[in-house]
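The values are calculated or read from the model by the stated rules, or taken from the named source; none is laboratory data. These numbers were taken from a predicted model, which means no experiment stands behind them. We place every Cβ from the backbone using ideal geometry, glycine too, and count neighbours over all the protein chains shown. Protein only, heavy atoms only, side chains kept; ligands, DNA and RNA dropped before computing areas. Shrake-Rupley method; radii C 1.70, N 1.55, O 1.52, S 1.80 Å.
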Amino acid sequence: MSDLVTGDAVVLGLHPARLPSRALAIFLDLLVYFTGYVLISVGLAFATASMDSAAQAAVTVASFLLFLVGVPIAVETLSRGRSLGKLACGLRVVRDDGGPVRFRHALVRGALGVVELLITFGTVACIASLVSARGRRLGDVFAGTLVVRERVPTERVMPVPPPPPWLAGRFTGLDLSGVPDGLWLAIRQYLTRMRHLDPQVSVAMAAKLADDLVARTGTPPPPGVPAAAYLAAVVHERQTRDAARAFGRPGAGNGHGHGNGHAYGCLLITSQR
């Protein structure tokens, strides 16, 4: 099981989806899309009966691309990674850091899906999924995404504790663009579990994560601020920026950077052994 963290900074107990469930979800999605394509094609055949053969061919190709490429990309973007097939199978597409996918992720997945799923009839996707340790196809690898099985009991949802009130708004000018997703993941996991850690281990981990965060942002915390409080305040600032972007508020800064940072994800596991 993987402890992934969503863009809303909650820890979810999720399993990476494997080939059988993913194949079933894709089959259901394609069934829906092909059905829609056939129905629209029948209507277009009557509507374009008076056109010449070249125009009819252009309309046919455009409708094919719309329903089997454009619609899946739009559905995955608007549903935040849950198409009808994935909804039926209890799956969701998330970013590598556990956050919701956006248009660019869905675009890359959809573009490569034409080759992996349609042109090669799923052969390339099956091979890539079997080879990948987390069952990812090539579209997931290049988009930086992961398909997971959702299992979210209410008691497992643990929000990041808020920062001390006197730190609210202290980091509005902080540049967070260089912070990799792996470091955000480690910080969020630490903040949600620090009360269950040994006090000495907790302090050491907070100091290590704070040092890594300072190295990425180039701005040290104010004097006298505990490392854990500093981490909570910076995560709160990123959440604020993400919310501002999600609701289209102007002036929202860049809340996160990109990078593998996989080693950070093992930090908590190592500390609890």
Problem - Long-range neighbours under 6 Å by Cβ, at least six apart or interchain, first residue over 12 Å from residue 170 (Cα atoms) within the range 211-223, second open to solvent by 40 Å² or more (accessible area, probe 1.4 Å) and outside any helix (DSSP H, G or I) - result: 214/220; 217/175
Practice task
Please work out which one of (1) at pLDDT below 70; (2) more than 26 Å from the chain's Cα centre (by Cα); (3) not in a loop (DSSP other than H, G, I, E, B) is the condition residue 264 fails and give its number.
Solution key: (2)
Exercise for the section: Give the range 34-46 a look and list any residue that's open to solvent by 70 Å² or more (accessible area, probe 1.4 Å) and either charged (D, E, K, R) or in contact (Cβ under 8 Å) with a residue 24 or more places away in the chain (or both), or say none. Expected result: 34, 40
Problem - Residues that are basic (Lys, Arg) and either within 11 Å of the chain's Cα centre (by Cα) or more than 12 Å from residue 149 (Cβ to Cβ) (or both), drawn from the range 83-103 - result: 92, 95, 102
Handout entry: Exclusive hit being in a loop (DSSP other than H, G, I, E, B), exposed (fewer than 13 other Cβ atoms within 10 Å of the Cβ) and aliphatic (A, V, I, L, M), set 55, 49, 62
Key = 49
Problem - Cross-chain or 6+ apart pairs with Cβ under 9 Å, the range 101-121 first and free of Cβ contacts under 8 Å to residues at least 24 places away in the same chain, then surrounded by fewer than 22 Cβ atoms within 10 Å (Cβ to Cβ) - result: 115/124; 115/138; 116/122; 116/123; 116/124; 116/126; 116/128; 116/138
Practice task
Please verify whether the range 197-220 includes one or more residues that are in a loop (DSSP other than H, G, I, E, B), more than 23 Å from the chain's Cα centre (by Cα) and surrounded by 17 or more Cβ atoms within 10 Å (Cβ to Cβ).
Solution key: yes
Practice task
Among residues belonging to the range 173-196 that are assigned to a helix (DSSP H, G or I) and charged (D, E, K, R), point out the one that is farthest from residue 242 (Cα to Cα).
Solution key: 195
Problem - residue 195 being within 20 Å of residue 17 (Cβ to Cβ) and of a type outside the set (Gly, Ala, Ser) - result: no
Practice task
May I ask you to verify whether residue 27 is more than 17 Å from residue 108 (Cβ to Cβ), of a type outside the set (Gly, Ala, Ser) and at pLDDT below 90?
Solution key: no
Practice task
Determine whether residue 72 is crowded, with 18+ Cβ neighbours inside 10 Å and farther than 18 Å from residue 149 by Cα.
Solution key: yes
Exercise for the section: Being under 21 Å from the mean Cα position of the chain (by Cα) and either assigned to a loop (DSSP other than H, G, I, E, B) or modelled with pLDDT of 85 or more (or both) is the filter here, so list the residues in the range 221-239 that pass it. Expected result: 234, 235, 236, 237, 238
Exercise for the section: Please state which one of 188, 134 is closer than 30 Å to residue 73 by Cα, in contact with a helix residue (DSSP H, G or I) (Cβ under 9 Å, 6 or more places away or on another chain) and either crowded, with 20+ Cβ neighbours inside 10 Å or among the polar types (S, T, N, Q) (or both). Expected result: 188
Completion exercise
Reported set for the range 95-148 where residues are part of a helix (DSSP H, G or I), closer than 25 Å to residue 187 by Cα and among the charged types (D, E, K, R) is 140
